[in-house]
Amino acid sequence: MDSFRGTKSYLSGAIAACEEYGVQLLPLDSVRISGGAMMTAQCLETLMAHFCAQVEANWQKTDGMFLAMH
């Protein structure tokens, strides 16, 4: 999160809004894929399995979820 805080990005705005309203952020994962590259089905399955495991491990202490899918 620190790499996005204070930048001119939508993630920085989301972080700032959460901090302004006292929302505790619990970052689970971050994945970046360069433009034009195709993701294999195996890669997607691995990423989704990891993401779902993180959500499952933390869902009881979570009131909401922000997915930055841009």
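See the values below:
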{"quantity": "Count of residues meeting criterion [in a helix (DSSP H, G or I) and exposed (fewer than 10 other Cβ atoms within 10 Å of the Cβ)] in the range 38-48", "calculated": "2"}
{"quantity": "Test for G6: is it in a loop (DSSP other than H, G, I, E, B), on the phi > 0 side of the Ramachandran plot and either surrounded by 10 or more Cβ atoms within 10 Å (Cβ to Cβ) or among the acidic types (D, E) (or both)", "calculated": "yes"}
{"quantity": "A17 vs. criteria under 13 Å from the mean Cα position of the chain (by Cα) and of a type outside the set (D, E, K, R)", "calculated": "no"}
{"quantity": "Residue within the range 19-27 that is part of a loop (DSSP other than H, G, I, E, B), at pLDDT below 85 and either out of contact with any Ser or Thr (no Cβ under 9 Å at 6 or more places or on another chain) or open to solvent by less than 80 Å² (accessible area, probe 1.4 Å) (or both) present", "calculated": "yes"}
{"quantity": "Condition check for M69: surrounded by 10 or more Cβ atoms within 10 Å (Cβ to Cβ) and among the hydrophobic types (A, V, I, L, M, F, W, C)", "calculated": "no"}
{"quantity": "Matching residues, the range 1-14, being without any contact (Cβ under 8 Å) to a residue 60 or more places away in the chain and under 14 Å from A68 (Cα atoms)", "calculated": "M1, F4, S9, L11, S12, G13, A14"}
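Okay, residues lined up against (1) touching a residue at least 12 places away in the same chain (Cβ under 8 Å); (2) β-branched (V, I, T); (3) more than 16 Å from R5 (Cβ to Cβ):
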residue: A16; (1), (2), (3): no, no, no
residue: E19; (1), (2), (3): no, no, no
residue: Q24; (1), (2), (3): no, no, no
residue: R32; (1), (2), (3): no, no, yes
residue: G35; (1), (2), (3): no, no, yes
residue: M39; (1), (2), (3): no, no, yes
residue: H50; (1), (2), (3): yes, no, yes
residue: A53; (1), (2), (3): no, no, yes
residue: E56; (1), (2), (3): no, no, yes
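The values are calculated or read from the model by the stated rules, or taken from the named source; none is laboratory data. What you are looking at is a predicted structure, and each value in this text was computed from that prediction instead of being measured. Backbone-built Cβ (ideal geometry, glycine too); neighbour counts: all protein chains shown. Heavy atoms of the whole protein, side chains included, go into the accessibility calculation; ligands, DNA and RNA do not. Shrake-Rupley method; radii C 1.70, N 1.55, O 1.52, S 1.80 Å.
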